[in-house]
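Take a look at the structure set out below.
The values are calculated or read from the model by the stated rules, or taken from the named source; none is laboratory data. Bear in mind that the values here come from a model prediction, so they are computed numbers and not experimental data. Backbone-built Cβ (ideal geometry, glycine too); neighbour counts: all protein chains shown. In case anyone asks, the SASA skips ligands and DNA or RNA and just uses the protein heavy atoms, side chains included. Shrake-Rupley method; radii C 1.70, N 1.55, O 1.52, S 1.80 Å.
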Amino acid sequence: MFVAWRDLRFAKGRFALMGTVIVLITLLVGLLSGLTAGLGRQNVSAVTGLPADRIAFGGELSYANSTVTEGQWRRWTRTPGVEAAEPLGVTTTRATAGGRGVGVCAFGVRPGSDLAPDSDRLTDHAVVLSHSAAADLGLTAGDTLTLAGQRLTVASVTGDASFSHTPVVWTSLDTWQRTAPPDGPFATVIALRTSGADTATADRAAGTMTVERDDSLSAIGSYSAENGSLQLMRGFLFAISALVVGAFFTVWTIQRGADIAILKALGATTATLLRDALGQAAVLLAGGTVIGSGLAAGLGAALADTVPFLLTPRTVLVPAAVMIVLGMAGAALSVRRITAVDPLTALGSAR
Amino acid sequence: MSLRLTDVTLTYPDGQSRLTALDRVTFAVPAGALAAVVGPSGSGKSSLLAVAATLIAPDSGTVTVAGADTTGLGRAALTDLRRHTIGIVFQQSNLLPSLTAAEQLRVMAHLDGRGRAGARTRARTRALDLLDAVGLAGQAHRRPHQLSGGQRQRVTIARALMNDPTVLLVDEPTSALDNDRGAAVVDLLTRLTHERGTATVLVTHDRTHLGAVDRIVGVHDGRLREEMVTESQ
């Protein structure tokens, strides 16, 4: 790194410019990662928070269109290897209270079921609100609200579950069924906790389709489209960063061609020169990524109240690590031309 | 002999045929002697230097540096030989723009990528000693663009001596210098050759400043012709 460090100091304008580009790309990737995770949480946290490992759908693999009957549920409760099978109703509806009205997602469960927090407090007249629902409606425990025409009491406010960007209101299954049209479904899906159950056989017997809980997220229409788009953008940003870093080091290596030839003629090994160049890229990438990630984390924290930004080590450190790895890959592809520099060109070359 | 080329032939591709740059050249330089190789552009003098520097392998013949036959040596061994045994002074100085004068010399201790602490400390001291020896003691912290052409060339000479080479190869050292500075550089090379006992080959097209060299060899169409040799040689 003897020459690399000095090149960094000597050509500080060029490296500062490139470092700024890396900072900005990292900032963008960091913000997008936090936003993707935040939006994802708003979409699926009610499902990922379920104490279940599989979800059984009826009719269609879709939380919007699936319906299950009581008979299907009872068949699942009798299936060997199923430790728990709980019916779960999912409906997006409207809740009003004190002149405020918001869209909410009603999650209907059997009172006492472990699917919902404080579910032992659920009755045909009492519901449990997530904090977001309570905040949007301006309610606390003991207040009343109207949910799909039913006047209900807030039994408690707990958790922060949301589904498809709407806050969750936990209701009893009977209350949920009353939000649906007459002769509506028994429930939307069945949440399963299994231990060695033959789900394929059970599906055939019950007429259901069972998938792992995390795989069921693709059955939330908005989640698939939204997450796919954001992940695509993130992927493009990673690719762009690798290309930009690669392009920079390609030009830089070409510019240094004469210097490299001199060093080789003087006795520098190609391995030493490659290590030097990659070390230089690593310093630039690490510096730019740390600053960019720090800015993204700071900005994300500042905006957390107004945008769904999730700030965790996973949303900050993983994109940063990917940026460095891909940037190094781009740099490695460009600096390999060092191996092709002929030291003979140092003799008699006009500089 | 510190440097010996025996029956060396070197050709380059030239369209459908090959151009002979060196034609059965035999040439030797003992320790402590400065041999000037003179000739016009395209005569083969730079090819002679490239072969002696192990930067290009001859088609036939042998090159012996400090008693070691370089024929058949791999790239790593040749790189190692250049690092430890051969010093090269390039045309128009060829210094690295990001390094100060002292760092141009110290970089020699880092070429193998190991950079041991003891070696680095010794290199720091030796760099300052060599800069002093070439009259640049006060310029150690200047970068190439802050030095004159003559000063840059002296830095290159000092750099070539950093690893105490057995053979010193000098490529057109006066081509970018005015008359006085060119003479000063050749005088310096002559003095250092005698003081340090290197076998020095100076390649040039300019015969102006060769009064003090030990031997002059003319090169024309890839063939050498002895023109002048002092009694000591």
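One table, with the values for the structure above:
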{"item": "Derived scalar couplings ³J(HN,Hα) [the stretch B:67-82; Karplus, 6.51 cos²θ - 1.76 cosθ + 1.60; whole Hz; x for Gly, Pro]", "result": "x, 9, 6, 8, 4, x, 6, x, 4, 5, 5, 5, 4, 4, 5, 5"}
{"item": "Cubic angstrom per residue, convex hull over Cα atoms of the stretch A:1-155", "result": "219"}
{"item": "Mean shadow area of the protein assembly as shown, taken as a quarter of the surface of its Cα convex hull (nm²)", "result": "38.4"}
{"item": "Net charge, A:Thr69 excluded, C-beta distance under 12 Å - Lys, Arg +1, Asp, Glu -1", "result": "0"}
{"item": "Distance in nm between pseudo-label sites at A:His131 and A:Ser218 (7 Å out along the Cβ direction from Cα)", "result": "3.3"}
{"item": "The stretch A:55-132: GluC sites (Glu not before Pro) falling in loop per DSSP and having at most 12 other Cβ within 10 Å", "result": "A:Glu60"}
{"item": "FRET efficiency, 1/(1 + (r/R0)^6) with R0 25 Å, evaluated for B:Asp187 and B:His141 via beta carbons", "result": "0.45"}
{"item": "Label-point separation, B:Gln16 to B:Arg120 (7 Å along Cα→Cβ), nm", "result": "5.9"}
{"item": "Rounded, prolate or oblate (a/c below 1.5 giving rounded, otherwise prolate when a/b exceeds b/c) for the stretch A:82-203 by Cα gyration tensor", "result": "prolate"}
{"item": "Accessible area in the full protein assembly, largest first, 1.4 Å probe, for A:Trp76, A:Trp5", "result": "A:Trp5, A:Trp76"}
{"item": "Charge dipole (debye, nearest 20) of chain B; +1 at Cβ of Lys and Arg, -1 at Cβ of Asp and Glu", "result": "960"}
{"item": "Sum of -39500 (n - 2.57) over DSSP H runs of 4+, divided by residues of chain A (222 nm, nearest 500)", "result": "-17000 deg cm²/dmol"}
{"item": "Cβ-based net charge around A:Ala135, under 12 Å, with every Lys or Arg adding one and every Asp or Glu removing one", "result": "-2"}
{"item": "Within the stretch A:73-148, trypsin sites (Lys or Arg not before Pro) in DSSP loop having at most 13 other beta-carbon neighbours inside 10 Å", "result": "A:Arg78"}
{"item": "Kirkwood hydrodynamic radius (C-alpha pairs) into Stokes-Einstein, the stretch B:3-229, 25 °C and 0.890 mPa s, D in µm²/s", "result": "137"}
{"item": "Two-site FRET efficiency, B:Asp59 against A:Gln231, from Cβ-Cβ distance with R₀ of 51 Å, rounded to 0.05", "result": "0.30"}
{"item": "Of A:Val325, A:Val251, A:Val154, the one that fluctuates the most in a GNM where chain A has Cα springs shorter than 10 Å", "result": "A:Val251"}
{"item": "Inter-chain Cβ neighbour average for residues B:80-89, partner chain, 10 Å", "result": "3"}
{"item": "Net charge contributed by nearby residues that have their C-beta within less than 10 Å of B:Val107 (K/R +1, D/E -1)", "result": "+2"}
{"item": "Estimated FRET transfer efficiency (A:Ala329, A:Leu303; beta-carbon r; R0 35 Å; 0.05)", "result": "0.65"}
{"item": "Helix-only [θ]222 nm of chain B, DSSP H runs n ≥ 4, -39500 (n - 2.57) each, per residue, nearest 500", "result": "-9500 deg cm²/dmol"}
{"item": "Label-point gap, in nm, between B:Arg207 and B:Asp180 - each point 7 angstrom along Cα→Cβ", "result": "2.6"}
{"item": "Carbon/sulfur fraction of accessible area - the stretch A:175-326, other protein chains in place, 1.4 Å, %", "result": "68"}
